[in-house]
Structure formats: C-alpha cells, structure tokens
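Asks: Handing you a structure now.
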Amino acid sequence: MNGKNKMIAWIAGTITVIILLAVLIVWMEPAKEGISRAEAYKALALVFADRQECESAEEQRQKSWFSDQEKDNWFVKYMDLLYEKGYLDPSLTPADLEGAQKKLTYGEAAFAAEQISGRLKRQVGMNKGNREKPFPADQWWDLYRAILKEADPQGNVKEVEAILYGTPSNIKDAPSWTAYTTEGEYGFQGLALDAWLDHEIRFMVRGNEIAAVTAVESSDVVYRNIWLSQVKDGVFQAYMGAASREFTAEGKLAEEAKKTEAKLAPNLADLHMKDGRLTKVTVKKERIHGKILSVTDDTVEIEGYGKIPLDENFHVYKLYGDFSVLGAADILVGYDLQEFVAADGKLCAALLERPFDAKTIRVLLMDTGFKSLFHQSAEIKLNSGAEITYKNENGDDEVSRLNQGDVLKLTLEDERLQNGRMTIKPDGEEGITICSIERSQGQPVYSGSLEIKKESDGLVLINELYLEDYLKKVVPSEMPASYEKEALKAQAVCARTYAYRQIQGNTYGQYGAHVDDSTSFQVYNNITTSERTDQAVDETYGQMLFYNDTPIEAFYYSTSCGHGADGSVWGSGGEALPYLRSKQIKNGGRELTEEDNETFDAYIRSRKVTSYDAKYPMFRWQTELTAAQIGLKASAVGNVQDVTVTSRGLGGIAAELTVKGDQGTTRIKGQSAIRTFLGNEEAPIRKQDGSKMTTASLPSAFISIEKITDEAGSISFRIYGGGFGHGVGMSQNGAQSMAKSGKTYKDILDFFYQGAELKEN
C-alpha cells in the first residue's frame, strides 16, 4: 500500500470512529428533563383564564375532579379548568396528587395540543414508542408558544423581563407564593424561583401570575436608586419597592462598610450584584429642593432650577410616618415638600419629608366662554404696583417693577416667555385684571399672583392664591349668598374638602396647576364676595371632612328629588365611598334599598312627597320628547318604538336606558350618558312651579318614562323627573331647608356624609 492509499485509509478509519462515537454519545445521552404535569397544566390553564378567574370558577363549580383530601392543592383549580374545557382526559391524566407530580408525557401533550389544532398535535411528535415517555421541558415551552399564537390572539399571556429581588424566603412578612420584581409583584404558584434571586430573568405571565420562567438573562445586575435605611455590621437594610430586605456584604466591601456606616445611610444608592452577591454600593448624596412648578412623566420643573429630566429608575419615597413608595404624580405642584436626589443631571428620587398642608391653590384660568385652557394672547392690567420676574436668554432671572394702572400685553412671540414662565406678584389684594377674558360679570379680577407660560398650543395662565381666598370666591359662586349662614358654612366645608382632594390629584400637574376655573371643578367666578359668605369661610377655617383620616369626596349638587344616590353612579361599588349613602332627603333620612326602586315610578310622579327639597322648583319637573327626536340620537335602531329604564341604582337613579326600534335595540349606561341622551334644547323642562327652562342635558337621571301614542299612531315619551344634579352627597337646597329649620352646619354635614368626621387640618 502506497503512502497515498495509507492516508485515505487512515482518514476513512478516523471518520468511522468519529461516527461511532457520535452514535454512542447520542445513545448514551439521557433524555432531556421533563416537566411536571402540574407546572405544565398551570401554564396551559393561564392561556384561557387568569388566576383569579380560575379560583372563581372553582368556587362556582362546587365540585372537583380531585378528592376532598387533595382539592386544596394549588394546582387543582388549573387542572379542574382544563378537565372541564376538555384539554385534559381523566382516563389519561388521573386527578390525584401523585399524578400531578409526575412528568408530562408525549401522549398528554399531544392530547392537549389536539384540542386546539391538528398542526399542534403533529408538532408534539408523538409515536407508539414515546407515548408514555416524559415530554422534554424545552419542547413543551416551544409547543406552549405555538399554542399561544393560536389560542391567545389577544396576547393575554405576556413575556416580561425583570430583576427578581424577593420571595418569601428573603422578604419578611411576604405573602406566600409572591415574587417581587423590578416590574411589580407576581404570584408564582408551583414554581421554584429562589435560585434566580438577584438575577434578571424572562418569564411568561398572565395578569399577576407567572406561568413560567423562560430564560435567565443576566447574573450581573444593578438595583438603581434604592433607599438605604440602615447599615450595621456590614449588613445593608434597603427598601426594594415597598418591601424591606437585607444585603450582607463580604470581604473588603464588608470592612469598608463597617468603617463608614454613618455616611452610608440613610441615603439613596445603587446596589451592584454579581451571582447573587453584593459587590459594590454607590451612594448618591447630591440634594436640591424648591417649589414645584410642573410635573410630567419625564421631567420636574423646580423653581430656581428649571425643568430637570427624571432618571429611568426615578422613585418617590415617603419618609415620614409609614414608609411607602409613590409615583411622580404624587409630587404636588405649588409646594416644596421634598428633597430631590440628583446625579448626572437627572433626578434620581424625591424624598417626601413632611405631610401636605393645603395653604395655597393654583387655578388654571380658561379663555372666554371656558372653551380652552390656552390663550393666543393675554392683556393684563395692574390694579396695584407689582413685581414681574422672567428668564432671560441666559436662563437668569430678570426682575422689574410695574406701576398701578400699567397694562401688560403678551403674545406667543414675546421674548420674555421664550425661556420659562413669567410671574407677576402684585403689592395689594385684587391686584390683577385680565382684560383679555370676559366672564358673566365682566373682566375678571384676581388676588394672589399670576403666572404665564408658553405651551405649544398657546399661553397658560395660572392664578396662585391662598386656599381660603379661593373659597371666598367659590362659595358665593356655588350657593346664593342670601342662604342661611349654616348652609353656607356647610358649603364652605364641602368646597374646602373638595379643593384639598383636587390639589392632591394634580390634574394639571404638567402645566403647574391643580384645577381650572370651570364647572369641571368648582366654579371660581369673577363674583363679588359678600360678608355672609366670607364669614362662612372664616368661621370654618381649615375644617374638612375625613373618613379614616383621609379627606372624603365631598360631592354636592343643587336639588334632590327626595332620594339620594350613592357613589356607585360613577361605576365603582358604593362600598368604596361608604360615607356617600343612598337615603331619603328628609327628617329621619331612612337609607334606601333595592326594594325602593320597585316603587320609584310612582314616587317620582308624585308631588305629595315629604322632603327637605320639596318646595324648590326643580324638585319635580317634566318634559316630553317625540320618537323622532330620540331617533336622531339612536339612528341605528330605526324608528323608535319604546324607551324604558331597564336598570336603576340605589335611590332610583336610572343606570341603564333601553331604546327599541324597528331595526334594532341600543342601551345607554350611566346617569351622565342617560341625561345627555335624553336632553334636547327644543324640548323645554317644565318645573313644578310652572316656569320653564331649556337645557342640552336632563336636570337629573331620577326619571320615569311614559310612552304615549296618539290617535294618529305617533309616539312620544313623557319624562317625569325630579331634582337637579347627580344626586350624590349634599343637596344644597336640602341644606338650606335644614338650616332654616334650625340645623347647624355640623348637623347638615353629618346627615349627608354619614360616618365622616369634621376636623381642622
């Protein structure tokens, strides 16, 4: 054999050996680890329902495929759902603890897949030889993703990436089966997560329940902007979200921590982790503070600093009272309640250091007719001397004086508005007239200061003033100054409580305001104050209504129909606002029940009803609409044949209206939508005193509807109604009648807001 042939033979032999070894390796390789039936079937059940729905279905089912001794296991609700829907065959998969703990087989995977599609069954790759063998875990998750594409087109099951920082194993008092991640809290029934603590993981989730961990992305992670509450003996106590946990330093880091404990905490810090161990701590000590001028999703504007961007991991930590983690929306404009921690030109955290005490309010002034928040120009007359401040092109404050009688004209192009807001602070009260705005009583005059800011849609005008001065304009705008003193005092308390809630709400935080001056909030008219209303505000100074130490939703309205509604008229359950109760608006004030709704039609059509509001014109009213007029708003139903109230809330308020036509049926839900739907300016409202009014919306949703067909077959609908307003909280005319009968403002408030406590803030 020549050299060439020897070489060929050697190569051929080598290849043969490699092939044999490869075959041997494949033959000897153990089967890939399978997945338990319980784990696989939990994930499958979450394709069709979330955890809460599975639990609810289990309660309603009142039976289980599992024995009474085993039905309390975590996986039962998931597997029962699949048995019921036909994705599990009891003859193939027994309903018992032992069976749930065993590995999922090729046959079981194929059966479940087949119920969705034949293509998915083929993907399993089942044959006679592997039917009873464990189905590999990686193949199951490949199949699961394919199942999601066909059975979950809405994308209810989502994939999330986050750092896992806590489970009951390292978070004290954590609820069982609760995983704490940088994307929120999730349940993880049946899964083992502790091995991935302090790792970035990818997992599938439906609602708030993890279906599976699909990948470990990194063991090298950083917890950014974490609040270090204490460092002692090398142990770092930190708040991860609202949960507290400990990190134990090792080696050199532990030695350094012991030497500098006092400097490390309390402080904001970044915690660097590697393979589950704390490797580095970066403390952030730069602090700034000042009055907040505006808040958006990604910036905070601070007086003296301008707009500063927020770090991607920005947090708001409440340090007084019980520690909690809040959001940027909880940073109140117009106040300086916090210190900000800054680094690299961004705000990393806000540290709330003291509770909120409402002393001022910021009102966004709308244009003439309350059509827009934005003004294309503004003309301002000074009724006293004033100081004007604005930013120059270098970002520095420019301060100048204006004299009494001076007029300031501003447009979008004004150079003084190009680099920030302008602030006008008059020397005296009622120092500013806005000549470019017209109100019912002429050009409005304001106390306090005025800020003008350029936005993309125009100028915004913000009036900042003392809350009590604001209330002195609100109270006479909301209730006649001629009313009884005790009624006015009740109104002042309601208005103050309502304003406090709105300040906390930060509705116009992006512009730097709390409320606007329209009826969307409380009416803040250019109205002359009176001694009576001023006294009502002064004599209730600082007083508000609280429930469980929280200011209430102090809703009020003009006139009742003799019945009041509860908080459920706005969609949430009435139990969320327990102090707003449905009751009779009369002496004794019996609480109303569902049984009262059955007799409501007769009640609302009667004028012989005892009520605090009974003598007021809007206590009872009527209007009439033709079928054609209603059809204009319900064109899809064709010719209107009938209109009925098909659902009522407590107190008899209409909650659902059904309109039937010769081509279909439509339903209108909610008191506000019903009032709008049945409102028609061409159909006058006739009050019980005989006077009439026109309105684009029904005065209330406390209504009964009578169908009328004339001799010619024409259909119309007579609407019997009562009251004016939404019917929740205090009836203002009811309060007036109570005051006339000798009731104090405290009596009035206790009647309408039962269980609420009057306190001075």
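Asks: If I stretch the segment between Lys280 and Glu303 completely, what's the gain in nm (0.36 nm per residue apart, minus their alpha carbon distance), one decimal?
Replies: Working: separation 23, 0.36 × 23 = 8.28 nm, distance 3.47 nm.
Here the answer is 4.8 nm.
Asks: Kindly rank 479-491, 206-218, 553-565 from highest to lowest mean number of other beta carbons found within 10 Å of each residue. Walk me through the numbers on the way to the answer.
Replies: On the way: 479-491: 22.2, 206-218: 18.2, 553-565: 26.1.
Ranked from most to least packed, the peptides come out as 553-565, 479-491, 206-218.
Asks: A follow-up question, please. Taking the simple approach of a point 7 Å from Cα along Cα-to-Cβ for both Ser606 and Gln60, what is their distance in nm?
Replies: About 3.9 nm separates the two model spin labels.
Asks: Still on this structure, please answer the following. Computed from the coordinates I sent, log10 I(q)/I(0) by the Debye sum over Cα atoms at q = 0.04, 0.08, 0.09, 0.12 Å⁻¹ equals one of (1) -0.27, -0.96, -1.12, -1.31; (2) -0.28, -0.79, -0.88, -1.23; (3) -0.17, -0.69, -0.86, -1.37. Tell me the label.
Replies: (1)
Asks: For the chain, what is the calculated [θ] at 222 nm in deg cm²/dmol (nearest 500), taking -39500 (n - 2.57) for each run of four or more DSSP H residues and dividing by its residue count?
Replies: Working: 19 runs with 191 residues, N = 761.
So the helix-based figure for the chain works out to -7500 deg cm²/dmol.
Asks: Sketch the reach of a paramagnetic label on Glu413 as a point 7 Å from Cα along Cα-to-Cβ, and name the residues of region 420-449 whose backbone nitrogen lies under 16 Å away.
Replies: Nothing falls inside the zone, counting backbone N under 16 Å.
Asks: If you don't mind, another one. Report the label-to-label distance for Ala242 and Asn761 in nanometres (one decimal), using points 7 Å from each Cα along the Cα→Cβ vector.
Replies: 2.2 nm
Asks: Quick one: if the Förster radius is 60 Å, what FRET efficiency do Asp747 and Arg131 give, using the C-beta to C-beta distance and rounding to 0.05?
Replies: Numbers: r = 79 Å, r/R0 = 1.32.
For Asp747 and Arg131, the calculated efficiency is 0.15.
Asks: So between Ala576 and Asn394, what do we pick up on full extension, going 0.36 nm a residue minus the alpha carbon distance? Walk me through the intermediate numbers first.
Replies: Values: separation 182, 0.36 × 182 = 65.52 nm, distance 5.13 nm.
Gain on extension, Ala576 to Asn394, equals 60.4 nm.
Asks: Also: Please compute the length gained on full extension between Asp152 and Ser229, using 0.36 nm multiplied by the number of residues separating them and subtracting their Cα-Cα distance.
Replies: Details: separation 77, 0.36 × 77 = 27.72 nm, distance 4.40 nm.
This chain segment gains 23.3 nm when fully extended.
Asks: What does the highest-first list of 41-47, 136-142, 705-711 look like by mean Cβ count within 10 Å? Write out the running numbers ahead of the final one.
Replies: Numbers: 41-47: 25.4, 136-142: 16.7, 705-711: 11.4.
The most tightly packed comes first, giving 41-47, 136-142, 705-711.
Asks: What nm value, rounded to one decimal, do you get for the distance between Lys692 and Ser67 when each label is placed 7 Å out toward the C-beta?
Replies: So the two model labels end up 8.0 nm from each other.
Asks: Could you work out how far helix 485-505 tilts from the main Cα principal axis of the chain, as a 0 to 90 degree angle to the nearest 10?
Replies: Rounded to the nearest ten degrees, it is 30.
Only the coordinates and a few stated rules stand behind these numbers; no lab work does. This one's a predicted model, so the numbers in the text were calculated from it and none came from an experiment. A quick note on method: Cβ atoms are made from the backbone with ideal geometry, for glycine too, and the neighbour counts reach across all protein chains shown.
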